[in-house]
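Okay, structure first, notes after.
The values are calculated or read from the model by the stated rules, or taken from the named source; none is laboratory data. Keep in mind that what you see is a predicted model, and the values were worked out from it rather than measured. Note that we place each Cβ from the backbone using ideal geometry, even for glycine, and neighbour counts take in every protein chain shown. Heavy atoms of the whole protein, side chains included, go into the accessibility calculation; ligands, DNA and RNA do not. Shrake-Rupley method; radii C 1.70, N 1.55, O 1.52, S 1.80 Å.
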Amino acid sequence: MEQNFGFIGLGAMGRPMARNIRIHMPKQSVLWVYDVHQETCENFCKDVENYGQIQIATSAKQVAENALTICSIVPASQHVREVYLDTATGVAGAKQAAHPIDEARLYLECSTIDMQTAKSVGDSLEAMGMGTYIDCPVSGGVPAAEKGTLSMLIGASNPLLENEKHEKSKRLENLLSWMGDPSKFYYCGWLGAGLAAKICNNYLSCTILLANAEAMATGVKLGLDRKLLHQVIANSTGQNFMCDNVCPVPGVVAHAPSSNDYKLGFKAQMLSKDVGLGVDAARSVGIKPSIGEAAIAVFDMVGKDERCIDRDASVVYRFLGGPE
Ligand code: NAD
């Protein structure tokens, strides 16, 4: 059990992240996986069974009963609370009375959620003697998850600097390096700080996505050639990562979701959640999030539009009426 790993949440991001863990972890160790959709677990197992042993768990609790090192990535805060704190089905239910093994547990929680939830879940697990919980939201999307080159925003201080020989630190480093690019590991300092950084980044990336869609829908409707407009922006002051890589106009950037019928990606329904986290965080420190507030008014409608649901967030261009 000590050598086993667990993974909870096998969605767009979780599948490739778990796959990379299975590829890199010791062959003789077992990867325990759990997702609320049984079929998702079965498909995942078929995909990676050649790399080593995998077991499908019936709950997050069963994952924790069989693995000491656990990674999770689920949609939102309520799912994280359920995965960790539900005493019937969650990680907390795996607690054994005064068992030293519980303290050795390590949880890397990668969902984009609010900092308060991360703090309360981490503090609760610690108080129960259930080990170390680290918020570790990721950036780079599905392509980086597949390549194993994610940025990892770690809600802890660099454990290797603090205590090079700590066994838990080694496990953390291994887990991170199997999923991410070490040149993009950011030790943000404290429980919740990884999320603070992620929330600020996504406030930008999501609102910039909307600005790109509005600007490009306008330009194409004015009669500009879409590729020419993209080139102009790419080489002018409007240049930005989202336009370069997630251009919302179909047929401009071959690898962008828009050129593949807005294939996921980052679900359109998640835009409001991510910008909402930024808006709440800004208000909590007295910053007025005017751009975020305006973006949410649009994203709330995008998330309910049949043409956009379960498609990549850049489908906001379609919602605006951009020519496809
Ligand atoms: P997704 O909806 O594709 O996957 C989530 C998975 O979690 C699903 O398979 C779902 O069945 C499972 N799940 C839900 N509740 C669960 C529970 N209680 N126990 C176990 N499994 C449960 O979402 P995603 O795109 O993979 O995103 C997951 C998280 O990662 C979100 O917080 C998102 O904001 C963040 N994120 C996404 C991206 C992206 O590009 N998609 C990039 C960075 C971060």
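Quick look at the values:
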item	result
Residue within region 112-123 that is within 16 Å of the ligand (Cβ to nearest atom), surrounded by fewer than 18 Cβ atoms within 10 Å (Cβ to Cβ), of a type outside the set (A, V, I, L, M, F, W, C) and at pLDDT 95 or above present	yes
Neighbours by Cβ (under 8 Å, 6+ apart or cross-chain): first from region 231-249, surrounded by fewer than 21 Cβ atoms within 10 Å (Cβ to Cβ); second among the hydroxyl-bearing types (Ser, Thr, Tyr) and at pLDDT 95 or above	PHE241/SER205
Failed item, numbered, when ASP35 is tested on (1) open to solvent by 40 Å² or more (accessible area, probe 1.4 Å); (2) touching a residue at least 24 places away in the same chain (Cβ under 8 Å); (3) of a type in the set (D, E, K, R)	(1)
Selection count, region 11-37, where residues are among the aromatic types (Phe, Trp, Tyr) and more than 17 Å from the chain's Cα centre (by Cα)	1
Meets criteria (without any contact (Cβ under 8 Å) to a residue 60 or more places away in the chain, surrounded by 13 or more Cβ atoms within 10 Å (Cβ to Cβ) and over 20 Å from the mean Cα position of the chain (by Cα)) for ASP305	yes
Filter result for the condition that a residue is away from the ligand (no atom under 15 Å from the Cβ) and either on the phi > 0 side of the Ramachandran plot or of a type in the set (A, V, I, L, M, F, W, C) (or both), over VAL83, VAL30	VAL30
Region 260-301 - residue that is within 16 Å of the ligand (Cβ to nearest atom), open to solvent by 20 Å² or more (accessible area, probe 1.4 Å) and not in a helix (DSSP H, G or I) and, of those, farthest from LYS198 (Cα to Cα)	LYS263
All positions within region 52-74 that are touching a Cys at 6+ places or on another chain (Cβ under 9 Å) and either open to solvent by 30 Å² or more (accessible area, probe 1.4 Å) or at positive phi (or both)	ILE54, GLN55, ILE56
Criterion: surrounded by fewer than 17 Cβ atoms within 10 Å (Cβ to Cβ) and over 24 Å from ALA281 (Cα atoms) - qualifying residue of GLY148, GLY129	GLY129
Any hit, region 90-100, residues being surrounded by fewer than 22 Cβ atoms within 10 Å (Cβ to Cβ), of a type in the set (S, T, N, Q) and within 15 Å of the ligand (Cβ to nearest atom)	no
Residues satisfying the stated conditions in region 153-167, i.e. away from the ligand (no atom under 11 Å from the Cβ) and modelled with pLDDT of 85 or more	ILE154, GLY155, ALA156
Conditions (1) open to solvent by 40 Å² or more (accessible area, probe 1.4 Å); (2) farther than 30 Å from GLU293 by Cβ; (3) modelled with pLDDT of 95 or more; number of the one not met by GLY180	(1)
